[in-house]
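Below: the structure, in structure tokens.
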Amino acid sequence: MKKIESRTAGGEAGEGISETALSLTDKIFTLLPEMARKRDQDSLLFGVAAFVFALFGGNFAVAILVGVIVWLYFRYEFRRTYEQEISKFGEQKRVFEQRKKDFIESL
């Protein structure tokens, strides 16, 4: 396989495109888990909104109960979704590392 050389601003030969692409992909896989949104405040916001809507029913105790139930439910769902995203990123990184290893061995 022929390696295409990229040129820097000074005209010097830089890394090959394949090496650059692999290093950028490594950086992306490193940043993806950090960019996954944890959404901790969203569940609290939904709980407060449910409390306010239930408060229109006139019973303060029921409004508190509804707000807490909604908050706990969405907190559970958002955490579960976050953990699934993180595990998906981990699996994608393992597949990428295996393909990168196979690609490097084929050169």
Next on the checklist: Can you sort Y76, Y82 from fewest to most other Cβ atoms within 10 Å of each residue's own Cβ?
Outcome noted: Y76, Y82
Item to check | Least to most buried among S43, S106 (fewest other Cβ within 10 Å first) | outcome: S106, S43
Checklist entry - How much space per residue, in cubic angstrom, does the convex hull of the C-alpha atoms of region 5-106 take up? => result 103 Å³
Checklist entry - What Rg and what Dmax come out for region 66-107 when only alpha-carbon atoms are used, in angstroms? => result 18.3, 61
Checklist outcome for this item: Percent relative contact order for region 5-106, counting Cα pairs under 8 Å at least six residues apart, stands at 24 percent
Next on the checklist: If I model a spin label at F103 and V62 as a point 7 Å from the Cα along the Cα→Cβ vector, what separation in nanometres do I get?
Outcome noted: 6.0 nm
Checklist outcome for this item: Taking 0.36 nm per residue of separation between Y82 and K27 and subtracting their Cα-Cα distance, the length gained on full extension comes to 17.8 nm
Item to check | Inter-site label distance for E19 and I69 at 7 Å from Cα along Cβ, in nm | outcome: 6.2 nm
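Read-outs: derived from the displayed coordinates by stated rules, not from any lab. Treat the numbers as computed from the prediction; the structure is a model and nothing was measured. Note that each Cβ is placed from the backbone with ideal geometry, even for glycine, and that neighbours are counted across all protein chains shown.
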